[in-house]
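The values are calculated or read from the model by the stated rules, or taken from the named source; none is laboratory data. Treat the numbers as computed from the prediction; the structure is a model and nothing was measured. Cβ sites come from the backbone with ideal geometry, for glycine too, and all protein chains shown count toward neighbours.
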Amino acid sequence: MAGGAGTRLRPITHTSAKQLVPVANKPILFYGLEHMAEAGVRQVGIIVGDTREEIVAAVGDGSHWGLEVTYIAQSEPLGLAHCVLIARDFLGDDDFVMYLGDNLLQVGVAGFVRSFEEARHQSGQASLDGEVESPAAQILLKKVPDPHRFGVAELDGQGRAVRLVEKPADPPSDLALVGVYLFTPKIHEIVAALEPSERGELEITDAIQALIEQGEVVRTEILEGWWLDTGKLTPLLEANRLVLETIEQRIDGEVDDASSIEGRVIIEEGAKITGSTVRGPTIVGRGTVITDSFIGPFTAVGAECQIRGSEVEHSVILERCEISSIPRLVDSLIGRDSVVTRSDARPRASRLMVGDHSQVDLA
């Protein structure tokens, strides 16, 4: 799923697809494509909306990941079940994974897919002791401290879903639905007959509930490891922090003798560090020049940036930005080709979310 307007990440998404905002200098959508490839999926349909051209330019034909990518146009965001509806010809009669393009999972989906395939295989090898029911769907769940903010699943004693509730005031469990689903072709008949919800969308939770009410088995898996919906600034910065925690030091750029590289830092080829301290975990993109500055920890600086006389921490800086004379910039997301300067360099901290091509003068 790579449609949607990304309203919660504006102004960045006025000029950029939310799924292409980088985490640790890699577009969020690319993590999902990597997960698909690792799970053995080879044919991927990407639902695209107004940002189709940008998504196509970034992903291409999918061969970089060993995938075959087909683009499926959605004229307006009418719900996740609507995505299944318009992808009917692409999906054919295959089982399939549905994955939200702005999700980020620590462990990927290979194990999730494998367990579904094994359950389907076991049902096809029904024993003499009786029939083994084949699952029609499988949902991924995560224990959360605030289930009222999510779609929530109620399970029976065998771990099967018996009820799904969207953002309940009185949650039946603490198990939130993660944006990864597995379906058999049985879902198509359900989706075709689905009525829009109160918000005018075809809800995937309604479709799964309809499967349950028809007596179909909906398996569940509990996600181990972290999961983040990167559609807002705070979880996006948290995702950047968590991914940066996994990097190993690699210095391919230039670092002068007056500079200090501390901890797990990646300096990409063509980057230059002069008279500065870079503290990990941090990544500095290709061609970026950092002069007389302090960068990190938990900062991702994109390619071809210029940072001078500034301190940047726990932030995501996109490509071709210029940051100059900023005493302390923290918890910020700075869009591409932006310029952030301070004409009066009094010591203070700044927290910014700046869209592409912006110019900010902190007086």
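Scanning region 219-250 for residues that are under 19 Å from L318 (Cα atoms) and of a type in the set (S, T, Y), we see that the one that is surrounded by the fewest Cβ atoms within 10 Å (Cβ to Cβ) is T234. Among residues of region 129-141 that are more than 26 Å from L104 (Cβ to Cβ), those with a beta-carbon under 8 Å from a residue that is at pLDDT 60 or above and assigned to a strand (DSSP E or B) at least six positions away or on a different chain give the pairs E133/V217; S134/V217; A136/F183; A136/V217; A136/V218.
Residues checked against (1) farther than 24 Å from G335 by Cβ; (2) outside the structural domain of I317 (by TED's automatic domain parsing); (3) over 19 Å from the mean Cα position of the chain (by Cα); (4) free of Cβ contacts under 8 Å to residues at least 40 places away in the same chain:
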{"site": "L29", "(1), (2), (3), (4)": "no, yes, no, no"}
{"site": "G32", "(1), (2), (3), (4)": "no, yes, no, no"}
{"site": "V48", "(1), (2), (3), (4)": "no, yes, no, no"}
{"site": "V56", "(1), (2), (3), (4)": "no, yes, no, yes"}
{"site": "G62", "(1), (2), (3), (4)": "yes, yes, no, yes"}
{"site": "G66", "(1), (2), (3), (4)": "yes, yes, yes, yes"}
{"site": "P77", "(1), (2), (3), (4)": "no, yes, no, no"}
{"site": "A81", "(1), (2), (3), (4)": "yes, yes, yes, no"}
{"site": "L91", "(1), (2), (3), (4)": "yes, yes, yes, no"}
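Exactly one residue among T299, T288, T246, T282 is closer than 20 Å to Q19 by Cα, free of Cβ contacts under 8 Å to residues at least 60 places away in the same chain and within 27 Å of the chain's Cα centre (by Cα), and that residue is T299. Total residues in region 171-191 satisfying the condition of being in contact (Cβ under 8 Å) with a residue 60 or more places away in the chain and assigned to a strand (DSSP E or B): the figure is 6.
So which of E38, E54, E34 is more than 23 Å from E245 (Cβ to Cβ) and either hydrophobic (A, V, I, L, M, F, W, C) or surrounded by fewer than 20 Cβ atoms within 10 Å (Cβ to Cβ) (or both)? Going through E38, E54, E34 in turn, just one is more than 23 Å from E245 (Cβ to Cβ) and either hydrophobic (A, V, I, L, M, F, W, C) or surrounded by fewer than 20 Cβ atoms within 10 Å (Cβ to Cβ) (or both): E54.
Against the test of being over 23 Å from the mean Cα position of the chain (by Cα), hydrophobic (A, V, I, L, M, F, W, C) and in a helix (DSSP H, G or I), the options L194, L211, L236 yield a single qualifying residue, L211.
Could you list, in sequence order, the residues of region 297-324 that are among the basic types (K, R) and under 14 Å from I273 (Cα atoms)? Give the derivation first.
Step one: of region 297-324, the residues among the basic types (K, R) are 308, 320.
The one that is among the basic types (K, R) and under 14 Å from I273 (Cα atoms): R308.
Look through region 117-141, keep the residues that are at pLDDT below 90 and hydrophobic (A, V, I, L, M, F, W, C), and return whichever of them is surrounded by the most Cβ atoms within 10 Å (Cβ to Cβ). Step by step, filter region 117-141, then rank; the result is A119.
Condition check ((1) more than 20 Å from H188 (Cα to Cα); (2) touching a helix residue (DSSP H, G or I) at 6+ places or on another chain (Cβ under 6 Å); (3) at pLDDT 95 or above) across all residues:
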| residue | (1), (2), (3) |
| --- | --- |
| P27 | yes, yes, no |
| G49 | yes, no, no |
| G62 | yes, no, yes |
| G79 | no, no, no |
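Does G3 satisfy being buried (at least 22 other Cβ atoms within 10 Å of the Cβ), modelled with pLDDT under 90 and either over 30 Å from A271 (Cβ atoms) or not small (G, A, S) (or both)? For G3, the condition - buried (at least 22 other Cβ atoms within 10 Å of the Cβ), modelled with pLDDT under 90 and either over 30 Å from A271 (Cβ atoms) or not small (G, A, S) (or both) - is met.
Just to be sure I understand, how many residues within region 193-216 are farther than 29 Å from P145 by Cβ and not acidic (D, E)? Working first, answer last.
Quick first cut of region 193-216, residues farther than 29 Å from P145 by Cβ only: 193-196, 200, 202, 210, 213-216.
Filter again for not acidic (D, E), leaving 193-194, 196, 200, 202, 210, 214-215.
Total meeting the criteria: 8.
Among the residues making up region 159-189, a single one is crowded, with 23+ Cβ neighbours inside 10 Å and over 13 Å from L140 (Cα atoms): I187.
Scanning region 257-272 for residues that are under 18 Å from N25 (Cα atoms) and buried (at least 17 other Cβ atoms within 10 Å of the Cβ) gives R264, V265, I266, I267, E268, A271, K272.
Pick from V144, V152, V165, V180: which is of a type outside the set (F, W, Y), in contact with a strand residue (DSSP E or B) (Cβ under 9 Å, 6 or more places away or on another chain) and under 15 Å from D95 (Cβ atoms)?
On the way: V144 fails: under 15 Å from D95 (Cβ atoms); V152 fails: under 15 Å from D95 (Cβ atoms); V165 fails: under 15 Å from D95 (Cβ atoms).
One residue alone meets the criteria, V180.
Total residues in region 41-98 satisfying the condition of being among the acidic types (D, E) and in a loop (DSSP other than H, G, I, E, B): the figure is 6.
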